[in-house]
Amino acid sequence: MTNLRIGVPSKGRLADQTGELLAQAGLQYRRQNRSLFARVGGFPVDITFLRTDDIPVLCAEGAIDMGITGSDLVEEAGVDVAQRLALGVGRCRLAICVPEDSTIQQPSDLSGARIATSFPSITERFLKAHSADVHLVPLSGSVEIMVSLGVADAIVDLVETGSTLAANRLRVLGDIGKYETVVIQNHEQQNAEVADRIVRRLEGVVIARSYSVLEYNIHREKLAAAEQITPGFHSPTVNALEDPDWAAVKVMVKSKEVILAMEQLEALGATAILETQINNCRL
Ligand code: AMP
């Protein structure tokens, strides 16, 4: 049986994030001298380094069995691939942006306007649905400067923090969609068993990254209230302490909710409240 082929981004922040995620999932590889290929040690997988925007079509065509890329690029390519997993990184939104001082209020006001974007397909579909007949200016980059260059009246671009927009004196008129880095798979499902193992491994890392383990001691009279603050993934582990009036609780909590949960538990009288980060998990 041939190795499963995964296409990963060849450069940039997404290439680094993908390499870290795969390594944490036990799939390690090293890229030699800008080579296009790499082998994964001890696992029947070959890595192909590709441009992120080529990964959706190459996956749909079967040149690679799986790919890691942005869901924005999958939608723009309009290809039929299975989306197996969202990786919780590269989160951004695609937004229609107009000059800060523009009087335009809504997408339908854009009829007749020139719109610069590297997402012409998504943009056209969205504006058609809003009955705006626009002139698209398709570009592969630096879209944010096109209004000041006089090439466009508005842009459709990815926004993460909004600082690029502010620097170019643009404001968001409306969101078209939310996107993040995803794992995609060709429908033929070559090496399906290996593909499923990779997805499960990555899922373990993605969940581990978004949860912490919280441990604390609590008076049994307050246990029910504490469990309401930290209900856990399935159900908290409750152990007896030497003191029969007290219990020790161990529970998974969403990382972004940990600080608030610790404050609430402390206010309830919990003691020895400890947060531990999870490296990997299977739930
Ligand atoms: P920001 O200034 O943080 O809003 O970032 C906006 C710029 O970064 C845009 O010009 C985007 O092209 C790029 N960008 C932000 N997020 C992503 C992403 N997830 N994938 C690719 N490009 C992105």
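The values are calculated or read from the model by the stated rules, or taken from the named source; none is laboratory data. These numbers come from a predicted model, not from an experiment. Positions of Cβ are generated from backbone atoms using ideal geometry, with glycine treated the same way; all protein chains shown enter the neighbour counts. Just so you know, the surface numbers come from the protein's heavy atoms only, side chains and all, with ligands and any DNA or RNA stripped out. Shrake-Rupley method; radii C 1.70, N 1.55, O 1.52, S 1.80 Å.
Structure values in brief
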item	result
Convex hull of Cα atoms in region 50-201, direction-averaged projection (nm²)	9.4 nm²
Sequence-distant lysines (8 or more away, or on other chains) whose Cα lies within less than 20 Å of LYS250	LYS222
The chain, accessible surface, carbon-and-sulfur percent (1.4 angstrom probe)	47 percent
Rounded if a/c under 1.5, otherwise prolate or oblate - region 211-277, Cα gyration tensor axes	prolate
11 Å beta-carbon shell around GLU144, net charge (K/R +1, D/E -1)	0
The chain: C-alpha gyration tensor shape, a/c 1.5 cut-off, then a/b vs b/c	oblate
Three-way shape label, region 92-178, alpha-carbon gyration tensor, a/c 1.5	rounded
Alpha carbon centroid spacing (whole Å) that separates region 1-77 from region 142-204	17 Å
Heavy-atom surface of the chain, accessible at 1.4 Å and reported per residue (Å²)	54 Å²
Simple Cβ-charge dipole of region 92-178, Lys/Arg +1 and Asp/Glu -1, about Cα centre, in debye nearest 20	160 debye
Charge dipole (debye, nearest 20) of the chain; +1 at Cβ of Lys and Arg, -1 at Cβ of Asp and Glu	740 debye
Dipole magnitude of region 76-142, debye to nearest 20 (Cβ charges: Lys/Arg +1, Asp/Glu -1, about Cα centre)	280 debye
